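The next block holds one structure in the form of structure tokens; read it before the comments.
The values are calculated or read from the model by the stated rules, or taken from the named source; none is laboratory data. This is a predicted model, so every value here is computed, not measured. Positions of Cβ are generated from backbone atoms using ideal geometry, with glycine treated the same way; all protein chains shown enter the neighbour counts. SASA here: full protein model, heavy atoms, side chains in, ligands and nucleic acids out. Shrake-Rupley method; radii C 1.70, N 1.55, O 1.52, S 1.80 Å.
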Amino acid sequence: MESAGSLAKELRNWSEVADFYRRASELYIECGRSQPASDALTKGARVLEEVVPEEAIKLYTDACAILEEDGKEQMAFDLYRAATSVYIKLEKFTDAAATLLRWGLAADKCNATNSQCKAYLSAIIVYLYLHDSTQAEKCYNDCSQIDAFLRSDQNRCATKLLSAYAEGDVEEIKHIAQSSTITHLDHVIIRLARKLPTGDVAALENNASKEQEEPLDENDLT
């Protein structure tokens with residue numbers, strides 16, 4: 001089946017590429033071999049990345065699921081990385097952030113703290129690239145519930161970054177984007193970080209100031 005998938009690639013018959021590699025994966029699963037089953041889907045995904053990226057993402061996601069069901073989360077890290085990269089190329093940034101958060105969860109299950117913290121910081125950067133500071137803040141707060149992230153360099157970096165956004169400090173945002181914590185992330189994330197800020201951070205600062213200035217009127221229930 002894998003050979004047939006390879007032949008379909010040579011013939012540029014992309015739908016059959018996915019079908020053959022999926023069938024190969026199913027046959028490996030029937031034999032109880034999760035690693036080759038995942039590898040078959042990954043081979044198909046790599047062939048399809050440039051030509052049918054949406055299908056490649058499905059194959060990467062399914063390959064991750066096979067490994068996780070067998071308790072091999074650490075083996076899925078490169079697949080999460082690949083899926084995130086394809087999403088970013090397609091400019092599907094919300095999906096990229098969701099994939100990074102799933103990667104963080106997989107890393108948590110196998111105690112890969114460094115990978116987990118990098119994935120969470122990467123997701124926050126993706127939301128900031130989208131100029132969605134509200135979602136970035138929510139993501140930061142959710143991830144900070146996890147003790148390993150709360151005590152990490154990545155958390156400190158995210159804290160500084162969000163503070164710079166709240167203060168509308170463009171130069172500080174650019175300075176943090178050059179920090180060693182960010183340069184140790186994946187290349188696709190570094191490229192996004194180096195383009196921050198992508199919108200008007202002064203407007204964010206003004207909104208934050210207004211919220212602080214307006215006292216809560218207990219009689220106003222609207």
State which residue pairs qualify: first residue within 13 Å of Ala136 (Cα to Cα) and modelled with pLDDT of 95 or more and inside region 95-124, second residue part of a helix (DSSP H, G or I) and open to solvent by 50 Å² or more (accessible area, probe 1.4 Å) in any location, beta carbons under 7 Å apart, and separation of 6 or more residues or different chains. Ala123/Leu101
Among the residues of region 23-42, the number that are touching a Leu at 6+ places or on another chain (Cβ under 9 Å) and surrounded by 18 or more Cβ atoms within 10 Å (Cβ to Cβ) is 8
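For region 136-162, enumerate the residues that are without any contact (Cβ under 8 Å) to a residue 24 or more places away in the chain and under 22 Å from Arg191 (Cα atoms).
Taking region 136-162 as the starting set, the residues that turn out to be without any contact (Cβ under 8 Å) to a residue 24 or more places away in the chain are 138, 140-142, 144-145, 147, 150-151, 159-160.
Result: Tyr140, Thr159, Lys160.
Residue by residue through region 87-103, note down the ones that are of a type in the set (Ser, Thr, Tyr) and buried (at least 21 other Cβ atoms within 10 Å of the Cβ).
At the first step, the residues of region 87-103 found to be of a type in the set (Ser, Thr, Tyr) are 87, 94, 99.
Answer for region 87-103, where residues must be of a type in the set (Ser, Thr, Tyr) and buried (at least 21 other Cβ atoms within 10 Å of the Cβ): Tyr87, Thr99.
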Of the residues Glu68, Glu54, which single one is surrounded by 17 or more Cβ atoms within 10 Å (Cβ to Cβ), free of Cβ contacts under 8 Å to residues at least 60 places away in the same chain and of a type in the set (Asp, Glu)? Glu68
So the check is Cβ under 8 Å with 6+ separation or different chains; which pairs have a first residue in region 180-204 that's more than 15 Å from Ile124 (Cβ to Cβ) and of a type in the set (S, T, N, Q) and a second one that's open to solvent by less than 40 Å² (accessible area, probe 1.4 Å) and not in a loop (DSSP other than H, G, I, E, B)? Thr183/Ile190
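Do we have Glu10 as surrounded by fewer than 15 Cβ atoms within 10 Å (Cβ to Cβ) and over 21 Å from Tyr87 (Cβ atoms) here? Spell out how you get there, then give the answer.
On the way: surrounded by fewer than 15 Cβ atoms within 10 Å (Cβ to Cβ): yes; over 21 Å from Tyr87 (Cβ atoms): yes.
It is true that Glu10 is surrounded by fewer than 15 Cβ atoms within 10 Å (Cβ to Cβ) and over 21 Å from Tyr87 (Cβ atoms).
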So is Ala107 under 15 Å from the mean Cα position of the chain (by Cα), surrounded by 24 or more Cβ atoms within 10 Å (Cβ to Cβ) and within 30 Å of Leu41 (Cα to Cα) or not? yes
With the condition kept exactly as written, say whether any residue in region 43-63 is in contact with a Ser or Thr (Cβ under 6 Å, 6 or more places away or on another chain) and part of a helix (DSSP H, G or I). yes
Can you name the condition, by its number, that Gln74 falls short on among (1) assigned to a helix (DSSP H, G or I); (2) free of Cβ contacts under 8 Å to residues at least 24 places away in the same chain; (3) within 30 Å of Ile146 (Cβ to Cβ)? (2)
